[in-house]
Structures are given as structure tokens and as C-alpha cells.
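Taking it in order: structure first as C-alpha cells, then the write-up.
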Amino acid sequence: MHAMPLRSAAALIALSLAAAGAQAGCAKAYTVGVSALGYSAFLHDKQWRGVVPDLVQALEVRSGCRLVLEARPRARVMLEFGRGALDIVTSSQPTPERDQIGQYLPYAYTELDLVVGAGLRQQIRSAADFMALEGPTLGLVRGIFMGAELEAWAAALQLAKRVEWAADFENLATRLNAGRIQAAIVPSAIHAKLFAEGQMQAGSYVVDLPEAEPVPIGLYLNRQTVGEADQQLLQHHLQQLVGEGQVEQIYTRYLGPALTQRLFKLRARPKP
């Protein structure tokens with residue numbers, strides 16, 4: 001899978017949205033927490049690139065608001081958001097705890113896939129197939145909610161001492177390549193970049209788990225720091241970007257058309 005060249009991403013966004021014109025904007029500039037998360041956000045020539053930076057810039061141009069990316073480790077992003085030190089967080093699943101702090105604005109869906117290491121020679125087609133094997137270990141990153149069915153599956157594996165926890169997905173990839181774990185749960189936007197950059201061992205493969213539930217992702221606006229009028233303004237323009245297909249275009253730029261179409265059709269996919 002190959003991403004579109006990055007050289008003109010920002011210019012393309014600005015040109016495509018120029019017709020919308022500058023709005024009055026927000027009452028003040030707002031900080032947006034950003035962390036390296038596969039194609040969602042990554043550093044290229046010391047500049048942030050990916051779905052999230054492009055989406056934030058598109059929202060900035062469309063709304064007239066000043067949105068400033070602030071780089072933090074993911075755990076610190078969520079901690080500072082909870083304390084009111086960051087105004088906006090992206091790439092977020094909705095949770096009751098976050099709903100207490102911020103207004104949730106969905107913009108896409110994601111899906112968690114099973115990445116199977118080259119050393120596991122059995123053909124895996126589902127979580128149940130992996131569970132039926134004796135011995136293979138699953139790698140997980142803390143803080144990722146997988147949906148009721150996969151959470152129950154992972155809990156059963158943990159009870160059988162067949163789970164290893166990692167701080168991030170790059171660490172999971174390292175363990176998978178070394179054979180320390182035999183499979184890992186990884187979001188599609190992250191494993192796509194790992195495979196594209198050769199960070200996954202040859203022979204590893206991705207399983208689109210039938211047990212996986214579509215997971216909405218979006219951004220949260222901190223109610224402590226973002227005024228109600230600005231919340232409504234940002235919500236309006238984000239909904240426009242989604243409705244006009246701008247967000248899907250951004251995803252296609254990095255994930256390619258096939259994976260993007262799969263993610264944007266998740267809402268309609270029937271539960272197996």
C-alpha cells in the first residue's frame with residue numbers, strides 16, 4: 001500500500017477549501033494534542049503529517065479558527081486534556097469519562113485488526129481461530145477499547161497467560177518480529193504504515209476480524225476551555241468537511257482507496 005506524496009498536501013487542502021472563505025473565527029487560539037499514531041499522525045522532515053494534521057488544517061481554514069498542534073505522548077495528551085491544559089484531542093474513541101470533560105465530534109470510523117506474525121504458520125481467520133490454538137501469545141497496547149466481543153476474548157487469553165502488554169504499537173511490532181508474541185491487535189491506520197515502511201517482518205499478515213466492531217473516532221472539545229459558541233462553530237464546519245467528503249479524501253491520501261473505502265463503509269457493515 002502506497003501513500004500519496006506529501007509535498008503538496010497542505011496546499012491541496014487550502015486550495016480545495018478556499019471557496020469557503022475565511023470565517024470570523026473563534027474567540028481565541030486553541031491547542032490540539034497530537035501524538036505519533038501511524039498514518040493518523042507522523043513526523044516527516046520535522047513537520048507533522050498525516051490524517052490528523054491535514055484534518056486540523058482543513059478545519060482551521062474552513063472555520064477561520066486558529067488551531068495549534070502541540071506534540072505530546074498519547075498518555076500525556078489525555079492527561080493534559082483532562083486537566084484543561086489542552087483544548088482539543090483527536091483520534092479518540094468516545095468514552096463516558098471523556099464525555100464528562102468534552103464535546104465529542106465524530107469524523108470517521110476505525111477498525112482493529114489482528115496482525116499475525118510470520119512464525120505462526122496456522123492460517124488464522126478469526127479471534128476464535130487464535131483462541132483455539134495452544135500457546136501463541138497476543139500483544140495489546142493499554143488503553144485501547146476493542147468492543148465487547150474482543151474485550152471478552154482478550155480477557156480469556158489474559159486468564160490463560162497468553163497476553164503481553166506494550167506501551168505503543170511500534171513496540172508491539174518489534175516483539176512480533178522477534179517472535180516474542182505471535183499476533184497483535186493493531187488499528188488499521190497504524191498497521192498500514194508499519195507494513196508500508198517495512199517495519200513488519202515478511203510473511204506477517206492482517207486478519208479483518210469478523211468479531212471486531214466498528215469503532216467511531218472523532219475529536220473532543222474541552223468544555224473547560226472552549227466556549228459554547230466556538231464549540232458550535234467547530235462542530236458545524238467539521239460536519240461540513242465530513243458531509244462533503246473532504247475527510248474521506250484526506251484518509252485516501254494516506255491509507256489508499258481500498259482501506260479508506262473499507263473504513264468509511266463500517267457504519268453499514270452488518271454484525272456477523
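The values are calculated or read from the model by the stated rules, or taken from the named source; none is laboratory data. In this text, all values refer to a predicted model and were calculated from it rather than measured experimentally. When we count neighbours, we look across all protein chains shown, and the Cβ atoms used for this are built from the backbone with ideal geometry, even at glycine. All accessible areas refer to the heavy atoms of the entire protein, side chains included, with ligands and DNA or RNA removed. Shrake-Rupley method; radii C 1.70, N 1.55, O 1.52, S 1.80 Å.
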Wholly within the stretch 61-172, helices (runs of 4 or more DSSP H) carrying at least 2 residues that are crowded, with 16+ Cβ neighbours inside 10 Å and in contact with a Gly (Cβ under 9 Å, 6 or more places away or on another chain) = 74-83, 96-101
Qualifying positions in the stretch 98-122 - touching a helix residue (DSSP H, G or I) at 6+ places or on another chain (Cβ under 8 Å) and without any contact (Cβ under 8 Å) to a residue 40 or more places away in the chain = 122
Of all residues in the stretch 177-189 being open to solvent by less than 30 Å² (accessible area, probe 1.4 Å) and in contact with a Ser or Thr (Cβ under 7 Å, 6 or more places away or on another chain), the one that is nearest to residue 117 (Cα to Cα) = 181
Mind checking which residues of the stretch 190-199 are open to solvent by 20 Å² or more (accessible area, probe 1.4 Å) and within 21 Å of residue 121 (Cα to Cα)?
-> 195, 198, 199
Exactly one of 226, 207 is over 20 Å from residue 95 (Cα atoms) and surrounded by 18 or more Cβ atoms within 10 Å (Cβ to Cβ), and that residue is 207
Selection status of residue 190, assigned to a loop (DSSP other than H, G, I, E, B), closer than 29 Å to residue 44 by Cα and of a type in the set (Val, Ile, Thr) | no
